[in-house]
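The values are calculated or read from the model by the stated rules, or taken from the named source; none is laboratory data. Predicted, not measured: the structure shown is a model, and the values here were computed from it. Glycine gets a Cβ as well: all are built from the backbone with ideal geometry, and neighbour counts include every protein chain shown.
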């Protein structure tokens, strides 16, 4: 099949989270199954410089009336994946991140920036002859590409099948309804049977309503989002669309996340030769200014610092950790209160706590490899990749039993013969502290080594998930949804 993926992030060109890892790895997994997959990504500052093998740009005119645009064929560096970079200097060539300005606020024209991405995807879908290639399936990711299926339904032409993957339902792409015309939508679509969500225009609602098929990134999360607790106000629509909704667990790129070949690590190791992991722990402790002590349990955390990610539960267990002599290494950025709390903890407990603000890809690999345990105490987690990276690197995950965390980590006390980590149910300091305590009881014992080997032997590659996406694409081709 010919598949066009549409995404706002693509590793290694632009990344703020797991979405980029998925869109960077899934096309290659599908290509290994014989499919021709290409990715459309916005031309943020630096993306064109990072892309390889630029082709001749294809002028697109001014599709939304906000500036001239063109499509630059290129290749994802280090791979055979073909990409199309959407160049529109008026919308993308600026300092700051994909979604936030240099001051940390949403770009005020995000509705235009991502409506253009969706509109150009729809243009490619119905007139790909100008590229010499046209897709049979358009696979959109998250709210930033949510308008693709709406445009295609509106235009009423022969069109490819459409699939929307929800990576996090919490982010619905909400905008004022007065912006309907600005993004090329008729006001007739502003209703419960269209793009309206509690009085706002929602790009994600558009994708959920108009796409032929919907996927999300784990089986448990697919069930949870049909409930009021996790549905973010969209549970009714998702329940109605349940015959077309599938939970497909994310995979990880086992070439990028491979402790035997990882260039970010000062030593190599694998499941049969774990000696290098101890060297990496010592080097990480030294790098972060912590005492080099192999007997101190080292807890790592790489995350956005938000309420969703359970950072408050970690802060609530600091006194418990300090009393045990354990160490904590955190890499991340986010809410100012959490950053301040972690900075203060590192200042008051320099021998036990290290905090690095921001995002550092090589350091994230060293934390995954050097930690004895990796904390993922999320209140909700559509899939989560961190707990898979941790197991791949022999660092036992401590997770809340929700979403994809429940699908990928079995508690080793409840499941002594198959468990690979430690989990807890209630989002409380006590419940998380109990899971950490159980981990420390195993640390340094033959049981810990057994759990390490079991975790590192698990297969989190993209092969099985790519086969499931293939089936979803075929179903969308054979059973399109016509709503207009």
Requested in this report: Answer with yes or no whether residue 136 is in contact with a strand residue (DSSP E or B) (Cβ under 8 Å, 6 or more places away or on another chain) and under 19 Å from residue 479 (Cα atoms).
Outcome: yes
Query - Selection within the stretch 234-257 - surrounded by fewer than 18 Cβ atoms within 10 Å (Cβ to Cβ), touching a helix residue (DSSP H, G or I) at 6+ places or on another chain (Cβ under 8 Å) and farther than 30 Å from residue 199 by Cβ - result: 254
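Taking the stretch 30-46, which residues are part of a helix (DSSP H, G or I), within 21 Å of the chain's Cα centre (by Cα) and surrounded by fewer than 22 Cβ atoms within 10 Å (Cβ to Cβ)?
Within the stretch 30-46, just 31 meets the criteria.
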Requested in this report: Pick out the one residue from 299, 246 that is touching a strand residue (DSSP E or B) at 6+ places or on another chain (Cβ under 9 Å), closer than 30 Å to residue 439 by Cα, modelled with pLDDT of 95 or more and assigned to a strand (DSSP E or B).
Outcome: 299
Query raised in the report: Residue check: is residue 91 under 21 Å from residue 183 (Cβ atoms), in the same structural domain as residue 236 (by TED's automatic domain parsing) and either crowded, with 22+ Cβ neighbours inside 10 Å or under 20 Å from the mean Cα position of the chain (by Cα) (or both)?
Result: yes
Query raised in the report: Of 125, 130, which residue is buried (at least 24 other Cβ atoms within 10 Å of the Cβ), closer than 26 Å to residue 83 by Cβ and assigned by TED's automatic domain parsing to the domain that holds residue 57?
Result: 125
Query raised in the report: residue 56: over 19 Å from the mean Cα position of the chain (by Cα), free of Cβ contacts under 8 Å to residues at least 24 places away in the same chain, surrounded by fewer than 23 Cβ atoms within 10 Å (Cβ to Cβ) and assigned by TED's automatic domain parsing to the domain that holds residue 180, yes or no?
Result: yes
Query raised in the report: Does any residue of the stretch 354-368 turn out to be within 30 Å of residue 223 (Cα to Cα) and touching a strand residue (DSSP E or B) at 6+ places or on another chain (Cβ under 7 Å)?
Result: yes
Report summary line: The condition from (1) outside any helix (DSSP H, G or I); (2) in the same structural domain as residue 393 (by TED's automatic domain parsing) that residue 434 misses is numbered (1)
Report summary line: The correct count of residues that are part of a helix (DSSP H, G or I) and crowded, with 17+ Cβ neighbours inside 10 Å in the stretch 321-346 is 8
Query raised in the report: Which residues, counting only those in the stretch 169-181, are in contact with a strand residue (DSSP E or B) (Cβ under 9 Å, 6 or more places away or on another chain) and assigned to a loop (DSSP other than H, G, I, E, B)?
Result: 169, 172, 173, 176, 180
Report summary line: Residue hits (the stretch 186-206; more than 23 Å from residue 168 (Cβ to Cβ) and in a loop (DSSP other than H, G, I, E, B)) are 186, 190, 191, 193
Report task. Considering every residue within the stretch 446-461, establish whether at least one is free of Cβ contacts under 8 Å to residues at least 60 places away in the same chain, under 22 Å from residue 379 (Cα atoms) and out of contact with any helix residue (DSSP H, G or I) (no Cβ under 9 Å at 6 or more places or on another chain). Result -> no
Report task. Consider residue 214 carefully, then state whether it is surrounded by 18 or more Cβ atoms within 10 Å (Cβ to Cβ), under 18 Å from the mean Cα position of the chain (by Cα) and assigned to a loop (DSSP other than H, G, I, E, B). Result -> no
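Each row is one residue, and each column tells you yes or no for (1) assigned to a helix (DSSP H, G or I); (2) under 16 Å from residue 385 (Cβ atoms); (3) within 24 Å of the chain's Cα centre (by Cα); (4) modelled with pLDDT under 95.
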| residue | (1), (2), (3), (4) |
| --- | --- |
| 447 | yes, no, no, no |
| 451 | yes, no, no, no |
| 455 | yes, yes, yes, no |
| 461 | no, yes, yes, yes |
| 465 | yes, yes, yes, no |
| 468 | yes, no, yes, no |
| 471 | yes, no, yes, no |
| 475 | yes, no, no, no |
Report task. Would you mind finding the one in 319, 349 that is at pLDDT below 95 and not assigned by TED's automatic domain parsing to the domain that holds residue 227? Result -> 319
Report task. Determine the pairs where a residue that is not assigned by TED's automatic domain parsing to the domain that holds residue 367, located within the stretch 292-308, has a partner that is surrounded by 17 or more Cβ atoms within 10 Å (Cβ to Cβ) and outside any loop (DSSP other than H, G, I, E, B) with Cβ atoms under 9 Å apart, the partner being 6 or more residues away or on another chain. Result -> none
Report task. Give just the number: which of (1) without any contact (Cβ under 8 Å) to a residue 60 or more places away in the chain; (2) surrounded by fewer than 21 Cβ atoms within 10 Å (Cβ to Cβ); (3) in contact with a helix residue (DSSP H, G or I) (Cβ under 8 Å, 6 or more places away or on another chain) does residue 470 not satisfy? Result -> (1)
Query raised in the report: So which of 102, 63, 27, 98 is in a loop (DSSP other than H, G, I, E, B) and farther than 17 Å from residue 118 by Cα?
Result: 102
Report task. Tell me, please, whether a residue that is in the same structural domain as residue 100 (by TED's automatic domain parsing), over 19 Å from residue 254 (Cα atoms), part of a helix (DSSP H, G or I) and in contact (Cβ under 8 Å) with a residue 24 or more places away in the chain can be found in the stretch 7-23. Result -> no
Report task. Report, by residue number, each residue of the stretch 405-418 that is over 18 Å from residue 311 (Cα atoms) and touching a helix residue (DSSP H, G or I) at 6+ places or on another chain (Cβ under 7 Å). Result -> 406, 407, 408, 409, 412, 413
